[in-house]
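J.: This is the structure I have questions about; it appears just below.
The values are calculated or read from the model by the stated rules, or taken from the named source; none is laboratory data. Note that the structure is a prediction, hence the values are computed from the model and not measured. Cβ sites come from the backbone with ideal geometry, for glycine too, and all protein chains shown count toward neighbours.
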Amino acid sequence: MGIFAGFIIACLTIIPLGKESSIQYYFAAALIIFFLGLKDDILVLTPLKKIIGQVIAASIIIAKGDIVIHSMYGFLGVYELPQLISLSVTLLTIIVIINSFNLIDGIDGLAAGLGIFTTLTFGIYFYMAGQIEMAAMALIMTGSLAAFLIFNRAPARIFMGDTGSLLVGLMNAILVIKFINIAASPAAVIPIESSAAIGVSILMIPLFDTLRVFAIRIFNRRSPFSPDRNHIHHILLDKGLAPQTVSLLLVAVNVLFLVFTYNLRHLNINLLIPILVATAFGGFSILYFYKRRHTLMVVAGKGDGGVLQLTKSKPIVPLTPAPKTAEQN
C-alpha cells in the first residue's frame, strides 16, 4: 500500500495532467490493479478473477493510453501487425509482465531490486529522449521502490504483497512498450537499434523465470498459477545462498543481460533474440545441473568383493535454521 500511495501522490504533485496526456489512464489502471492486489492479499482471489481484473486494467491503457504493440520490427519476418493481432499481442504482453513481477516476489528485496533497476533504466532513457512525463513516472516509481526497499531488507518489517508487485508489473508493462515504440521510431531523439530486444533484456530475469515456470507447470498438466519451488530464486536458495545475496545476484545478472544485448544491438533481431534466449537457457542449465550435483551428491565406495557401490549421501543438517522463504508462486 505504501508503494502505491507514494507513487500516486508524487505523480499527482509533479506531473501535470492535461487533456492530451495519457497519464490519467495509467493511474486509472493502477487503481484497478491496487484494489485487485489488496483484495488478493486479504481474501486470496482465484487466478481467474485476478486475470479478469488485469485484463480490465490492460484494456484501459490499450484503448486510452496508447500502449499498443504495432509492429514486431522484423522479428520472424513480421513488421506491421493487423489491428486485431496487435491488440491481442499487446494484451498478452501486459498480462505476462504484470504477473512476472508478482511471481518473482518470493524473497525479500528481489521484486523491489529488479523494479528499481528497470524503472531507473527506462526513466533515464525517457529523460534523455525528451519524454519528461514518462521519465517522471518511471523515476517516481524508482523512488517509491527505493524507499520501500529500506524496510524490506532481512529481517523485513514490511512486505510488498500482491498490492505492490502487481503495480510494479503494470508500470513496467507500460514503460517497456512505450520504450520500444519510441526508441524504434526514426524520428526519436535517441533511436536505438533492436529496441524490442533491448526492452526484453531490461526485463530479462522476471520474464524468463515466469515463462519458464509457466511452461514447466503446463507441461506437467498443472495450472500455470499453481505454487511450486521451481523459480530461479528458489534454486539459488536451495544452493545455500542467503536471500539478500540471491536478490543482489539476480539484479546483477539482469544488468549484465542489458549490457550484453546493448553491445549486440547492431545484429539482426532474428539473430539477437535467439542469442539472448539461448544465453538465458544456457546459464540456467548450468545452474540447474550444479544444483542437482550438490543436492543429489553420490558417494562412491567399495563394497564386499571390491565391487564399486553408489549410494546417496545423507543431507547435511545445518547448525542454524535456514531463512524462511515464500513458498507461494
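J.: Hydrophobic (A, V, I, L, M, F, W, C), free of Cβ contacts under 8 Å to residues at least 40 places away in the same chain and either touching a strand residue (DSSP E or B) at 6+ places or on another chain (Cβ under 9 Å) or more than 19 Å from ILE51 (Cα to Cα) (or both): does that describe ALA252?
T.: Numbers: hydrophobic (A, V, I, L, M, F, W, C): yes; free of Cβ contacts under 8 Å to residues at least 40 places away in the same chain: yes; either touching a strand residue (DSSP E or B) at 6+ places or on another chain (Cβ under 9 Å) or more than 19 Å from ILE51 (Cα to Cα) (or both): yes.
Judged against the criteria, ALA252 is a match.
J.: Can ASN172 be described as at pLDDT 95 or above and among the polar types (S, T, N, Q)?
T.: yes
J.: Test ASP209 against the stated conditions and say whether it is acidic (Asp, Glu) and in contact with a Lys or Arg (Cβ under 9 Å, 6 or more places away or on another chain).
T.: Taking the combined requirement at face value, the residue does not satisfy it.
J.: Which one is farthest from the chain's Cα centre (by Cα), of the residues in region 17-34 that are touching a residue at least 40 places away in the same chain (Cβ under 8 Å) and in a loop (DSSP other than H, G, I, E, B)?
T.: Out of the qualifying residues, it is SER21.
J.: Filter region 186-211 for residues that are within 15 Å of VAL176 (Cα to Cα) and small (Gly, Ala, Ser); which is farthest from the chain's Cα centre (by Cα)?
T.: So, considering only residues that are within 15 Å of VAL176 (Cα to Cα) and small (Gly, Ala, Ser), the one farthest from the chain's Cα centre (by Cα) is SER194.
J.: Listed residues ILE95, ILE9; which is modelled with pLDDT under 95 and under 24 Å from GLY115 (Cα atoms)?
T.: Exactly one residue qualifies, and that residue is ILE9.
J.: I would also like to ask the following. Looking only at region 68-122, which residues are polar (S, T, N, Q), within 18 Å of the chain's Cα centre (by Cα) and under 27 Å from SER226 (Cα atoms)?
T.: Across region 68-122, the qualifying residues are THR90, THR93, ASN99, SER100, ASN102, THR118.
J.: Given the structure, is ILE67 farther than 30 Å from ILE235 by Cβ, outside any helix (DSSP H, G or I), among the β-branched types (Val, Ile, Thr) and touching a helix residue (DSSP H, G or I) at 6+ places or on another chain (Cβ under 8 Å)?
T.: Here the answer is yes, as ILE67 does meet what is asked.
J.: Pairs please, first residue from region 214-242 and closer than 21 Å to MET204 by Cβ and in contact (Cβ under 8 Å) with a residue 60 or more places away in the chain, second anywhere and part of a helix (DSSP H, G or I) and of a type in the set (S, T, N, Q), Cβ atoms under 7 Å, 6+ apart in sequence or on different chains.
T.: Every condition considered, no pair remains.
J.: Moving on. Which one is surrounded by the most Cβ atoms within 10 Å (Cβ to Cβ) among residues in region 190-225 that are over 26 Å from SER247 (Cα atoms) and among the charged types (D, E, K, R)?
T.: Among those residues, the one meeting the criterion is GLU193.
J.: Confirm whether LYS39 is basic (Lys, Arg), surrounded by 18 or more Cβ atoms within 10 Å (Cβ to Cβ) and over 17 Å from MET137 (Cα atoms). Working first, answer last.
T.: Values: basic (Lys, Arg): yes; surrounded by 18 or more Cβ atoms within 10 Å (Cβ to Cβ): no; over 17 Å from MET137 (Cα atoms): yes.
Criteria not met by LYS39.
J.: If you go through region 237-244 one residue at a time, do you hit one that is within 30 Å of LYS39 (Cα to Cα) and buried (at least 22 other Cβ atoms within 10 Å of the Cβ)?
T.: Yes, that holds for at least one residue.
J.: Out of region 72-91, which residues are touching a Ser or Thr at 6+ places or on another chain (Cβ under 8 Å), buried (at least 16 other Cβ atoms within 10 Å of the Cβ) and outside any helix (DSSP H, G or I)?
T.: TYR73, LEU81
J.: Could you check GLY37 against (1) within 30 Å of SER223 (Cβ to Cβ); (2) free of Cβ contacts under 8 Å to residues at least 40 places away in the same chain; (3) not aliphatic (A, V, I, L, M) and say which number it fails?
T.: Every condition holds for GLY37 apart from (2).
J.: In a helix (DSSP H, G or I), among the polar types (S, T, N, Q) and free of Cβ contacts under 8 Å to residues at least 60 places away in the same chain: does that describe SER59?
T.: In short, yes.
J.: Could you list, in sequence order, all residues of region 246-266 that are in contact with a Leu (Cβ under 9 Å, 6 or more places away or on another chain) and assigned to a helix (DSSP H, G or I)?
T.: VAL246, SER247, LEU249, LEU250, VAL251, ASN254, PHE257, PHE260, THR261
J.: With the structure loaded, tell me whether SER194 is under 22 Å from LEU264 (Cα atoms), at pLDDT 95 or above and hydroxyl-bearing (Ser, Thr, Tyr) or whether it fails that test. Spell out how you get there, then give the answer.
T.: On the way: under 22 Å from LEU264 (Cα atoms): yes; at pLDDT 95 or above: no; hydroxyl-bearing (Ser, Thr, Tyr): yes.
No; evaluated as a whole, the condition is false for this residue.
J.: Got at least one residue in region 92-106 being of a type in the set (A, V, I, L, M), crowded, with 20+ Cβ neighbours inside 10 Å and over 30 Å from LEU241 (Cβ atoms)?
T.: yes
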